[in-house]
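Novice: Before I ask anything, let me first share the structure, which is written out below as C-alpha cells.
The values are calculated or read from the model by the stated rules, or taken from the named source; none is laboratory data. These figures come from a predicted structure and were not determined experimentally. As a convention, Cβ positions derive from the backbone with ideal geometry for all residues, glycine included, and neighbour counts pool all protein chains shown. Surface accessibility is based on the protein's heavy atoms, side chains included, excluding ligands, DNA and RNA. Shrake-Rupley method; radii C 1.70, N 1.55, O 1.52, S 1.80 Å.
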Amino acid sequence: MERQAGVARHRHRPRLRKALSQWQLYLILLPGALFYLVFHYVPLGGLVIAFKDYGLWTGIIDSPWVGLKHFQRFFSSPDFWLLFKNTFMLGFSSLIFSFPFPIILALLLNEMRFNKLKRFTQTVSYLPTFLSVVVVCSMVIDLLSPQNGMLAKVLQAFGFAPEYYITDPRYFRAIYIISGIWQTTGSGAIIYLASLSNIDTQLYEAADMDGCGRLRKIWNVTLPGMLPTIAIMFIIRSGEILRVGYEKVLLLYNPATYSVADIFATYVYRQGIEGQNYSYAAAVGLFESAVAFIIVIASNQVSKKLNETSLW
Amino acid sequence: MQVKKKIRLDALDIIVLLLAVVIILGTLLPMLNVFSLSLSNPKYIVGGEVSFYPKGFTLNAYKEMLSSSRIPRAYANSILYTGVGVLFNLFFTVITAYPLARKELVGRKWIIIFITITMFFNAGMIPKYLLVSELGMMDSMWGLIIPTVIWTFYLTVMRNFFEGIPNELYEASVIDGASEFQILARVYFPLAKPAVASIALYYIMGHWNSFFIPSIYITSAEKYPLQVVLRDLLNTAVSSNFNMAETIATPPVALKNAVIFISIVPMLIAYPFLQKYFTKGMMVGAVKG
C-alpha cells in the first residue's frame, strides 16, 4: 500500500516540482492568460443574456430568465429566412466567384518572363490590401455615382442605364464581390506563388524533353503542383463562409437594398447596438456563431481527411 | 558560347502581358481617381469630367480639411490609437508567445488548447460590447486597444518563430545564470525582430484601418479616429445619392477624397520598406492558418 502511494506520489511530484521551478514562465504568461479569460471567456459566459430579458439597469445576474423566448421570436419572424438566405448567398457566391482569381494571378505571374514587370505587377496588386474597408467602399460609391463616377460612365457606354447602382438590389452582390476581388486578389496570390516555388524543377525539365509546350506544362505540371494548396485554401475559405464582411455590408447597404444585403451580423448590429434589444440580438448572434462553428468544424474534418489521403 | 538568350514572344506572352496591363491599370486607376477628385474643381466633379488627372486644379479640399479641427484632430487620434495600440499588441503578444514556445512548460498543451478554443467559439458583438461598457472602457482609447490586445493568429506566428530558435541558445543562457525575463528580453526578442516587424505591420494596419469598433465604442466626436470621420463623410454622400434631389448641391466628394488620400499617405510612404514583411506575414499566415 504504502509503496504504491509512494509510486503515485513519485509520478506526480516531479511534474509539480518542475512546474514550480518554472514560476518565471508562468508569471510571464499570466497577463496573456488573464486577457483570454476576461476578453474571450467572459463574453462567452455573457451569452446567457440570450436566455434572459437583459436590461441595462438590471444587469446580467438580476435580469429574469425567459428560456428560448428570443430564439422563438427570431425563428418565427419573417426576418429569419431572409437573413439566412442573404448571409449564405453572399458568403457562398463571394467564395465561388472570388476563389479562382488569386490562382489565376499566381499562374500569370509565374508565366511572366520579364522579371521587372513581374515584380511591379505583384507590388501593385498588393496595394489595395492596405486600404481600409471605409476607403474601398467610398471608392466604390464614387466610381458608381451615376453623375460623376468613372465606372458608371464605362458601364453606361456598355449599355447600362444611368441609375443609382448602389441603391439597386440587383447590383448589390456584384458590387460586394467585385470590390472584394479587387482588394484581395493580390495578397491572396502570395500563398499560391509560394506553392509554385516548391514544384520540383525536374518535372519541368522532363516535360521539356517530352516536347510539351508552355500551356501543356501549366496544365500537366504547374496546376497539379498547386492542387494541394488549392484544395486546402478552398476548405479553409468554405469554413469561413459565414464570416461575411459585415463591415463592408454596413457601409454599402441601405434600406433600399436590405432585401439582398441584410445579413445576420448587420441585423445583430441594428437590433443590439442601435435598438438596444441586447438579449434578442445576443440570441441572433448566438445562433449565427453556432452555425458558423458547425461549418468550421465540418471543413476542418474535411481538411484532416484530405491531409491523410493527400500523400498521393 | 555565350549567347544572350533573347526572349521570343509567343501567344501566351502576349496574353500575359495584356492581362498584366489590365491588372496594373485596374488597380491603379481607381486610386488615381481618388487623388484627382481631391484636387479638382467641384464644377468638373459634378459634371463627371474628372477621371485620372485633376481637372481645374485646386487645393480647396485640402484647405477645407485643415480649416476646421475635425479632421486634423481625427488624424492625431488615429496616430495615437495606432501607436499606443501596436506597442501594447507587440508587448503582450511577445510575452505570451515566449512561455508557450518553451516545450518543457508544464501544462503547455492545455494552455494552448485554452487559447485555441477561442478561435472557434466567438461570443459575438453584443456580449463584447456589454463587457467593454461594464469595464468602463467606453469612449476611451483603452476600449479600442485592450479587448483585442492579442490576436490569436499573430500569437501563433510569434510562438512558431520562437520555437524555431535553437534550444542551445536557451541552455547557454541558463548556464550563464540568466533569468527567463532576461532570456526573453536579451536573447529571444532581438532574434525575433523580423517576425515582430511582420506582426507589427499587421497590427498597425488593423488599428489604422479599423472603423467598426471605434464607431460603436467611441461616442464623443472629438475622440473619433480618421476612419470613423471618413465613414461619416461617406454616409452623407450615400444619403445624398439616395435622395436624388440633393445631389445637385456641391458634393463633399472632393473633401472626402482628400481625407482618403491623407489617410493612405503614411502607408504609401512606408510601403516600399514594409512590403518584404507583408509577404512574409502572408506566407506564415497561410501555412499555419
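Novice: Tell me, yes or no, whether segment A:46-54 has at least one residue that is within 30 Å of A:Q276 (Cα to Cα), more than 12 Å from every other protein chain (Cβ to nearest Cβ), open to solvent by 90 Å² or more (accessible area, probe 1.4 Å) and at pLDDT 85 or above.
Specialist: no
Novice: Please go through segment B:94-116 and pick out each residue that is of a type in the set (F, W, Y), free of Cβ contacts under 8 Å to residues at least 24 places away in the same chain and at the interface with chain A (Cβ under 9 Å from one of its Cβ atoms).
Specialist: B:F114
Novice: Does B:A245 meet the test of being at pLDDT below 90, assigned to a helix (DSSP H, G or I) and at the interface with chain A (Cβ under 10 Å from one of its Cβ atoms)?
Specialist: The answer is no for B:A245.
Novice: Please verify whether segment A:152-161 includes one or more residues that are at the interface with chain B (Cβ under 7 Å from one of its Cβ atoms) and surrounded by 21 or more Cβ atoms within 10 Å (Cβ to Cβ).
Specialist: no
Novice: May I ask you to say which residue of A:L25, A:L34, A:L105, A:L20 is part of a helix (DSSP H, G or I), out of contact with any Lys or Arg (no Cβ under 7 Å at 6 or more places or on another chain) and buried (at least 16 other Cβ atoms within 10 Å of the Cβ)?
Specialist: Of A:L25, A:L34, A:L105, A:L20, the one residue that is part of a helix (DSSP H, G or I), out of contact with any Lys or Arg (no Cβ under 7 Å at 6 or more places or on another chain) and buried (at least 16 other Cβ atoms within 10 Å of the Cβ) is A:L105.
Novice: Step by step: first the residues of segment A:245-299, then only those that are within 9 Å of another protein chain (Cβ to nearest Cβ), within 15 Å of the chain's Cα centre (by Cα) and within 15 Å of A:F84 (Cα to Cα), then the one that is most open to solvent (accessible area, probe 1.4 Å). Which residue is that?
Specialist: A:Y246
Novice: Please go through (1) under 21 Å from B:V84 (Cα atoms); (2) open to solvent by 10 Å² or more (accessible area, probe 1.4 Å) for B:Q182 and return the number of the only condition it doesn't satisfy.
Specialist: The number of the failed condition is (1).
Novice: Hey, another quick one. Within segment A:153-206, can you find the residues that are in contact (Cβ under 8 Å) with a residue 60 or more places away in the chain and acidic (D, E)?
Specialist: Answer for segment A:153-206, where residues must be in contact (Cβ under 8 Å) with a residue 60 or more places away in the chain and acidic (D, E): just A:D168.
Novice: From the list B:N77, B:N41, pick out the single residue that is within 24 Å of A:P146 (Cβ to Cβ), more than 11 Å from chain A (Cβ to nearest Cβ) and out of contact with any His (no Cβ under 7 Å at 6 or more places or on another chain).
Specialist: Sole residue among the options that is within 24 Å of A:P146 (Cβ to Cβ), more than 11 Å from chain A (Cβ to nearest Cβ) and out of contact with any His (no Cβ under 7 Å at 6 or more places or on another chain): B:N41.
Novice: Any idea which residue in segment B:128-154 is farthest from the other protein chains (Cβ to nearest Cβ), counting only those that are surrounded by fewer than 18 Cβ atoms within 10 Å (Cβ to Cβ) and polar (S, T, N, Q)?
Specialist: Going through the qualifying residues, I end up with B:S140.
Novice: What about B:L18, is it more than 7 Å from every other protein chain (Cβ to nearest Cβ) and not in a loop (DSSP other than H, G, I, E, B)?
Specialist: Spelling it out, B:L18 is indeed more than 7 Å from every other protein chain (Cβ to nearest Cβ) and not in a loop (DSSP other than H, G, I, E, B).
Novice: A further question on this structure: Of all the residues that make up segment A:109-127, how many are closer than 16 Å to B:F35 by Cβ and either more than 7 Å from every other protein chain (Cβ to nearest Cβ) or at pLDDT 95 or above (or both)?
Specialist: Number satisfying all stated conditions: 0.
Novice: Let me confirm something: among B:M119, B:M158, B:M125, which residue is under 20 Å from the mean Cα position of the chain (by Cα) and either more than 24 Å from A:E288 (Cβ to Cβ) or within 14 Å of another protein chain (Cβ to nearest Cβ) (or both)?
Specialist: It is B:M158.
Novice: Can you tell me how many residues within segment A:55-83 are open to solvent by 40 Å² or more (accessible area, probe 1.4 Å), in a helix (DSSP H, G or I) and without any contact (Cβ under 8 Å) to a residue 60 or more places away in the chain?
Specialist: Residues meeting the conditions: 9.
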